[in-house]
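Taking it in order: structure first as structure tokens, then the write-up.
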């Protein structure tokens with residue numbers, strides 16, 4: 001084989017390898033871009049939710065500072081412990097009533 005033929009074969013093989021490598025890199029970059037977009041969407045949603053959580057926490061803090069939480073808790077406990085005893089739904093005989 002002549003040196004010119006060997007050089008042409010080398011350049012042909014190298015060109016094919018570079019083309020295939022470029023296709024692989026493009027495919028990998030495509031998936032990387034998709035992943036980055038999803039991460040961006042996730043971080044946006046987290047930012048939105050964190051703002052909502054911060055406002056909820058501010059409201060809860062104001063609720064505690066104003067003392068409404070303790071009043072609500074006390075009211076709830078009062079309702080639980082002051083509940084009237086339940087009467088049975090079965091009819092009471094006159095004999096049982098006198099006992």
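Points to keep in mind about this one:
- In this structure, residue 79 qualifies as exposed (fewer than 10 other Cβ atoms within 10 Å of the Cβ) and modelled with pLDDT under 85.
- Look at region 1-12: where a residue is without any contact (Cβ under 8 Å) to a residue 12 or more places away in the chain and a partner is in a helix (DSSP H, G or I) and surrounded by 10 or more Cβ atoms within 10 Å (Cβ to Cβ), sitting 6+ places away or on another chain with Cβ atoms under 9 Å, you get 1/9.
The values are calculated or read from the model by the stated rules, or taken from the named source; none is laboratory data. In this text, all values refer to a predicted model and were calculated from it rather than measured experimentally. Backbone-built Cβ (ideal geometry, glycine too); neighbour counts: all protein chains shown.
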